[in-house]
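Trainee: I'd like to ask you about the structure that follows.
The values are calculated or read from the model by the stated rules, or taken from the named source; none is laboratory data. Worth saying up front: this structure is predicted, and the values here are computed from it rather than measured. Here the Cβ is made from the backbone with ideal geometry for all residues, glycine too, and neighbour counts use every protein chain on show. The protein model used for the area step is the full one, side chains on, heavy atoms only, and it has no ligands, DNA or RNA in it. Shrake-Rupley method; radii C 1.70, N 1.55, O 1.52, S 1.80 Å.
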Amino acid sequence: MLSERQFALLDALESQPASLSGLAQQTSVSARTILRDIDYINFTLSGTARIGATGSALYQLDIVDRKRYFQLLQRHDNDDRLLALLLIHPVMSRAQLADALNLPDAWIAERLPRLRQRYAHAFSLASRPGAGYYIDVCQEKRVILLANLFKKDPQVLPLAGITSESLSLLHAHCQTLTAWPDIQADYQVSVFLAAYALRHQLRAPAHDARSDALCDCCEQTGIGLSPAVAGVLTSLFNGLQQQANSVTSGYVAEQLENLTAVVQPQVIDSQLQEELTAHLKRCIAMTNWLPESRPGSMNNLKAAWPAAFDMSVKFINQLRAELDIPLIDSDLPGLYFACALERHHGEGTPVYLLADQNAIATINKMAIEREVMNCRAVVARTPAELAAMMEECQPALIVNNSHYLLDEGLRNVLVIRNIITAAGIDRIKDFLASAFIRQQPGQFFPPEGYLHYPNSVNEGWDSVIAAITTQLVQKNRMTEDEALRICQREREGDNLVVNRIAIPHCWSEHRRPFRGYFVTLEQGLIVNGENVRHVLLACASSGNRQEFRIFSFLAGILNSHSPQRIEGVDGYEAFMALLHEEGNLSPLRRARDSG
């Protein structure tokens with residue numbers, strides 16, 4: 001079994017690479033102990049993921065099979081077994097829990113408060129003097145909570161009379177049930193198992209609503225459920241399906257309209273509306289109060305799609321105010337909004353392909369336009385033809401696919417010989433995503449905007465941001481409206497923090513290019529649960545979606561360094577030097593792979 005320290009190592013490396021000394025400092029052990037833990041973790045993960053050293057002396061977690069990786073972690077997490085026992089039994093003492101799990105009483109004493117804190121959003125873990133601990137929820141929610149555990153792992157607690165054969169047969173029969181179209185068969189199976197485990201405690205509903213098809217399913221699979229339990233199952237499925245039916249495309253459209261603002265990118269379309277409607281129906285019909293995987297940092301998503309994430313936060317908050325459903329997977333709506341942003345990019349980015357062989361030029365042009373989103377490849381046969389084309393339109397990238405030597409002063413050139421491979425396509429994607437910031441970083445992060453803020457030890461985040469934005473307004477670096485939006489965005493929560501640097505941001509109605517202002521702090525402070533040493537305020541134009549990629553570029557650069565290296569940045573020059581330092585792996589690839 002993995003220890004708590006080893007779980008902590010995986011949690012730290014899921015977010016970003018880290019140095020050996022940094023991991024040792026976080027876990028209060030020696031570097032040699034960390035190396036032994038890494039060897040044991042790699043052996044235990046059995047190829048689903050691996051921790052390895054990168055070229056920059058950092059250790060990185062590479063997840064090969066995410067689904068199997070998280071399932072394997074669940075098997076090593078005794079919290080699920082502990083919670084299952086508390087849900088199945090009306091009340092259990094600490095000694096009874098320790099005996100059932102074959103674990104020390106001290107471990108149970110330590111885990112119970114942490115279990116209460118971990119799932120505070122889902123249920124209340126209470127205690128009764130002289131009796132023990134119990135889960136204080138209604139009958140319907142108890143069934144759903146236990147079903148969530150069985151969905152993650154059907155063998156979380158063995159049930160008498162349930163075998164692998166009966167499970168397979170139950171799944172096959174559940175696929176034939178048509179009364180609840182939005183509830184998938186595997187979720188129905190997990191609810192069956194939960195009702196079976198609680199069969200001696202469930203009270204029949206006031207009105208008999210048993211489904212004949214459901215009763216036949218129980219009989220054919222050999223899982224004996226009384227009429228009262230079958231009625232509870234039917235009533236539960238009916239209620240979930242009715243709630244899902246209440247979410248219509250018109251309802252989602254109304255919620256999306258409330259998100260629109262003058263300074264936000266207009267990304268709402270019919271496809272996004274349909275995708276969000278389907279996602280919400282699934283969330284309601286198959287309620288999941290317990291996350292299926294260990295919660296990790298969403299900083300990579302925030303950095304790669306800041307506009308999408310900001311809209312997701314508002315969208316989720318609106319729904320939580322109206323619907324009593326656990327929208328804990330807020331990254332999914334974020335991805336939907338990100339897809340909408342991609343659909344609205346408009347005209348393709350020009351890429352000039354200098355190629356002196358017709359066949360290779362044709363193949364590579366088709367490959368670039370097929371694999372690189374929103375890209376328009378134009379072929380030039382000679383350097384003179386390329387120069388004439390550049391007088392009419394400046395390309396985002398020149399791919400030298402020929403034997404000609406181009407002017408070394410051109411900074412947007414990639415040399416790729418012969419037929420472009422998958423690795424070459426990835427180089428083109430990474431270059432395009434950050435070409436405009438690589439060329440002139442000082443244009444986007446002007447030295448005039450740098451300042452040092454002498455914050456006090458007890459000063460809060462809201463006060464720090466208000467003071468910094470006030471100074472930038474006084475320096476005419478941002479408008480009062482932009483300062484107000486930044487302060488308002490930071491109060492909404494889910495702040496963007498990348499490796500000890502907080503990045504407050506806003507979407508401006510001005511057509512000025514992206515502006516980032518680096519600020520050093522006198523004292524570190526906690527923002528969104530993370531330690532922050534510096535601040536980088538950003539104002540992006542809502543009409544220029546290309547600027548959103550700057551956030552992803554920043555995330556890749558900042559995550560490529562150790563926290564100690566970030567803390568050592570003491571001014572503007574040091575920050576610009578940090579942006580120019582790149583490891584063996586390109587920043588955009590690192591950010592994408594770690595996400």
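Trainee: If you scan the stretch 3-26, which residues turn out to be open to solvent by less than 70 Å² (accessible area, probe 1.4 Å) and over 24 Å from the mean Cα position of the chain (by Cα)?
Mentor: Within the stretch 3-26, 3, 20, 24 meet the criteria.
Trainee: While we're on this one: Could you give every pair whose Cβ atoms fall below 8 Å, whose first residue belongs to the stretch 127-142 and is over 19 Å from residue 204 (Cα atoms), and whose second residue is open to solvent by 90 Å² or more (accessible area, probe 1.4 Å), counting only separations of at least 6 or pairs across chains?
Mentor: Listed by first residue and then by second, the contacts come to 132/94; 132/96; 133/94; 134/128.
Trainee: So, in the stretch 360-406, of the ones that are of a type in the set (Gly, Ala, Ser), free of Cβ contacts under 8 Å to residues at least 24 places away in the same chain and open to solvent by less than 70 Å² (accessible area, probe 1.4 Å), which residue ends up farthest from residue 421 (Cα to Cα)?
Mentor: In this case the residue turns out to be 388.
Trainee: Here's a follow-up. I'd like to know if the stretch 549-560 contains one or more residues that are modelled with pLDDT under 90, more than 20 Å from residue 441 (Cα to Cα), touching a strand residue (DSSP E or B) at 6+ places or on another chain (Cβ under 8 Å) and of a type in the set (S, T, N, Q).
Mentor: So far as the stretch 549-560 goes, no, none of its residues is modelled with pLDDT under 90, more than 20 Å from residue 441 (Cα to Cα), touching a strand residue (DSSP E or B) at 6+ places or on another chain (Cβ under 8 Å) and of a type in the set (S, T, N, Q).
Trainee: Continuing with this model, one more query. When you check residue 58 against the structure, is it touching a Pro at 6+ places or on another chain (Cβ under 8 Å), buried (at least 19 other Cβ atoms within 10 Å of the Cβ) and under 19 Å from residue 564 (Cα atoms), yes or no?
Mentor: yes
Trainee: What number goes with the only condition from (1) farther than 24 Å from residue 240 by Cβ; (2) surrounded by fewer than 20 Cβ atoms within 10 Å (Cβ to Cβ); (3) more than 26 Å from the chain's Cα centre (by Cα) that residue 133 does not pass?
Mentor: Only one criterion in (1) farther than 24 Å from residue 240 by Cβ; (2) surrounded by fewer than 20 Cβ atoms within 10 Å (Cβ to Cβ); (3) more than 26 Å from the chain's Cα centre (by Cα) is unmet by residue 133, namely (2).
Trainee: A further question follows. Pairs, please: C-beta under 6 Å, at least 6 apart or cross-chain, first residue closer than 17 Å to residue 146 by Cβ and assigned to a helix (DSSP H, G or I) and in the stretch 221-235, second at pLDDT 85 or above and not hydroxyl-bearing (Ser, Thr, Tyr)?
Mentor: Every condition considered, the pairs that remain are 229/195; 229/199; 229/202; 232/202; 233/195.
Trainee: Check the stretch 138-150 and report whether any residue there is open to solvent by 50 Å² or more (accessible area, probe 1.4 Å) and closer than 28 Å to residue 237 by Cα.
Mentor: Checking the stretch 138-150: at least one residue is open to solvent by 50 Å² or more (accessible area, probe 1.4 Å) and closer than 28 Å to residue 237 by Cα.
Trainee: Can you find a residue that is over 24 Å from residue 283 (Cα atoms), β-branched (Val, Ile, Thr) and either open to solvent by less than 20 Å² (accessible area, probe 1.4 Å) or out of contact with any Lys or Arg (no Cβ under 7 Å at 6 or more places or on another chain) (or both) anywhere in the stretch 200-223?
Mentor: Yes, the conditions are met somewhere in the stretch 200-223.
Trainee: Is there a residue being open to solvent by 30 Å² or more (accessible area, probe 1.4 Å), at pLDDT below 90 and either in contact with a strand residue (DSSP E or B) (Cβ under 8 Å, 6 or more places away or on another chain) or under 20 Å from residue 87 (Cα atoms) (or both) anywhere in the stretch 168-182?
Mentor: Within the stretch 168-182 (the criterion being open to solvent by 30 Å² or more (accessible area, probe 1.4 Å), at pLDDT below 90 and either in contact with a strand residue (DSSP E or B) (Cβ under 8 Å, 6 or more places away or on another chain) or under 20 Å from residue 87 (Cα atoms) (or both)), the answer is no, since none of the residues qualifies.
Trainee: Mind checking which residues of the stretch 96-130 are loosely packed, with under 15 Cβ neighbours inside 10 Å, among the basic types (Lys, Arg) and closer than 26 Å to residue 72 by Cβ?
Mentor: If the condition is that a residue be loosely packed, with under 15 Cβ neighbours inside 10 Å, among the basic types (Lys, Arg) and closer than 26 Å to residue 72 by Cβ, then 114 is the only one that fits.
Trainee: Here's something else I'd like to know. Of the numbered conditions (1) open to solvent by 10 Å² or more (accessible area, probe 1.4 Å); (2) at pLDDT 75 or above, residue 337 fails exactly one; give the number of that condition.
Mentor: (1)
Trainee: For the structure I just gave you, tell me whether residue 432 is in contact with a strand residue (DSSP E or B) (Cβ under 6 Å, 6 or more places away or on another chain) and part of a helix (DSSP H, G or I).
Mentor: Answer is yes for this residue.
Trainee: For residues that are aliphatic (A, V, I, L, M) and within 13 Å of residue 518 (Cα to Cα), scanning just the stretch 550-573, find the one that is farthest from the chain's Cα centre (by Cα).
Mentor: Result: 569.
Trainee: Report those strands (runs of 3 or more DSSP E) wholly inside the stretch 451-555 carrying at least 3 residues which are in contact with a helix residue (DSSP H, G or I) (Cβ under 9 Å, 6 or more places away or on another chain) and open to solvent by 10 Å² or more (accessible area, probe 1.4 Å).
Mentor: 515-527, 530-541
Trainee: Do we find a residue being part of a helix (DSSP H, G or I), in contact with a Lys or Arg (Cβ under 9 Å, 6 or more places away or on another chain) and at pLDDT below 75 anywhere in the stretch 53-68?
Mentor: no
Trainee: Which of the numbered conditions does residue 424 fail, given that it passes all the others? Conditions: (1) of a type in the set (Gly, Ala, Ser); (2) in a loop (DSSP other than H, G, I, E, B); (3) free of Cβ contacts under 8 Å to residues at least 12 places away in the same chain; (4) closer than 15 Å to residue 364 by Cβ.
Mentor: Residue 424 satisfies all of (1) of a type in the set (Gly, Ala, Ser); (2) in a loop (DSSP other than H, G, I, E, B); (3) free of Cβ contacts under 8 Å to residues at least 12 places away in the same chain; (4) closer than 15 Å to residue 364 by Cβ except (2).
For every residue, the table says whether it meets (1) of a type in the set (Phe, Trp, Tyr); (2) in contact with a Pro (Cβ under 6 Å, 6 or more places away or on another chain); (3) within 21 Å of residue 156 (Cβ to Cβ).
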site: 64; (1), (2), (3): no, no, no
site: 94; (1), (2), (3): no, no, yes
site: 113; (1), (2), (3): no, no, no
site: 123; (1), (2), (3): yes, no, yes
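Trainee: Could I ask something else about it? Would you check which residues across the stretch 151-167 are under 21 Å from residue 289 (Cβ atoms) and open to solvent by 30 Å² or more (accessible area, probe 1.4 Å) and list them?
Mentor: Hits for the stretch 151-167 are 151, 154, 155, 159.
Trainee: Can you find, within the stretch 253-311, the residue that is least open to solvent (accessible area, probe 1.4 Å) among those that are part of a loop (DSSP other than H, G, I, E, B) and at pLDDT 85 or above?
Mentor: 287
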